[in-house]
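**Q** Encoded as structure tokens, here's the structure I'll be asking about.
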Amino acid sequence: MKIGAHVGASGGLTTAFERAAAIGAETIQIFGAPPQMWRRRKIRPDECEAFRVAMAETGIEPVFLHGPYLINLATDKPEQLTKSTDALSEDLRLASAIGAKGVIFHVGSHKGAGFAKRLPQIKKALKQVLKDTPDDAWIILENSAGQGGSVGSKLEELAAIIAAVGSDRLKVCLDTEHAYAAGYNLADGDALEETMALFDREIGLSRLVAVHANDSKIELGGGVDRHENIGEGHIGRAGFEVIMAHPAFREVPFLLEVPGLEKEGPDKPNVDILRKIRAKVGAG
């Protein structure tokens, strides 16, 4: 189990490794483009090669990209759907070029139309993305907290997407805060066992390739996406001891997306807490 974080890459992609080293991250997630914009900068081949070299030299890997927040494959707006598939495809091509594992992204929101109604559209969009992108980059679906008709708050919805698309390239990133807010009590040993048994039955644990490690400002089942620093939320430090001790996560990278003690994003204190828990539970 490697412990890392989402880090910035402003000033050039390779700067992510400097930021990662400063907080003790062993694995990282970065944005390939501004998360709140469709417009993106073209990354040159020499930048991609420099990134691969830096990854090899630092040993900070695996690397994941996070897709723009604007992506919505369940939208009823054709223009947004086109921009969403284009953005996801661009990030997947970048992931392949820099040696990242794949792109973690939020599937989107059906805005009350219902998941079943939007599933055929999601399937068609993902099949097109698969066709247009390199085979060595994973499409990594992230579970949601459930607010605003967001897709994937139920594991069964992620399972339905994966079954409909039928590709080994589809994987899953489990966000602990989103899961907790959606009603999965990961902080309780018995409930966690039930959740991961459901995950294995519906999706398959082999598809779990990353964890977004976030405590929750929201109570269990609150249905809202609000991250908190490790040990300062409703999951709590004891809850992360339960999570990290579970065998399903033993070889899965943990990526922090917490606000940080200075509200500047994931920081060394949060990384250090997860490292101490990892040592305590013998997970790495």
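Only the coordinates and a few stated rules stand behind these numbers; no lab work does. Being a predicted model, the structure only gives us computed values, none of them experimental. Methodologically, a virtual Cβ is constructed for each residue, glycine included, from the backbone with ideal geometry; neighbour enumeration extends over all protein chains shown.
**Q** Using just the helices of the chain, give the 222 nm mean residue ellipticity in deg cm²/dmol: DSSP H runs with n ≥ 4 each add -39,500 (n - 2.57), and the total is spread over all residues, rounded to 500.
**A** Taking each H run of at least 4 residues, the total per residue is -13000 deg cm²/dmol.
**Q** In addition: Modelled label-to-label distance, Arg40 and Gln121, 7 Å Cα→beta-carbon offset: nm?
**A** 2.2
**Q** Under a straight-distance cross-link criterion of Cα-Cα below 19 Å, which aspartates and glutamates are reachable from Lys42, leaving out those fewer than 8 residues away in the same chain?
**A** Within reach: Asp86, Glu90, Asp91, Asp132.
**Q** Further, regarding this structure: Given axes a ≥ b ≥ c from the Cα gyration tensor, I'd like to know whether segment 147-284 is rounded (a/c under 1.5), prolate (a/b larger than b/c) or oblate.
**A** Prolate, because a/c is 1.5 or more and a/b exceeds b/c.
**Q** For Cα pairs less than 8 Å apart in space and 6+ apart in sequence, what is the mean separation divided by the residue count of the chain, i.e. the relative contact order in percent?
**A** The normalised contact order for the chain reaches 18 percent.
**Q** If the elastic network links every pair of Cα atoms under 10 Å, which of Lys154, Lys77, Lys171 fluctuates the most in the Gaussian network model of the chain?
**A** Lys77
**Q** Given a 10 angstrom Cα cut-off, can you work out which residue in Ser167, Ser84, Ser109 is the most mobile in a GNM of the chain?
**A** Ser167
**Q** How do Met55, Met1, Met244, Met37 rank when sorted from fewest to most other Cβ atoms within 10 Å of their own Cβ?
**A** So the ranking, lowest neighbour count to highest, is Met37, Met1, Met55, Met244.
**Q** With the chain treated as a Gaussian network of Cα nodes joined by springs under 10 Å, which of Gly24, Gly189, Gly108 yields the largest mean-square fluctuation?
**A** Largest GNM mean-square fluctuation: Gly189.
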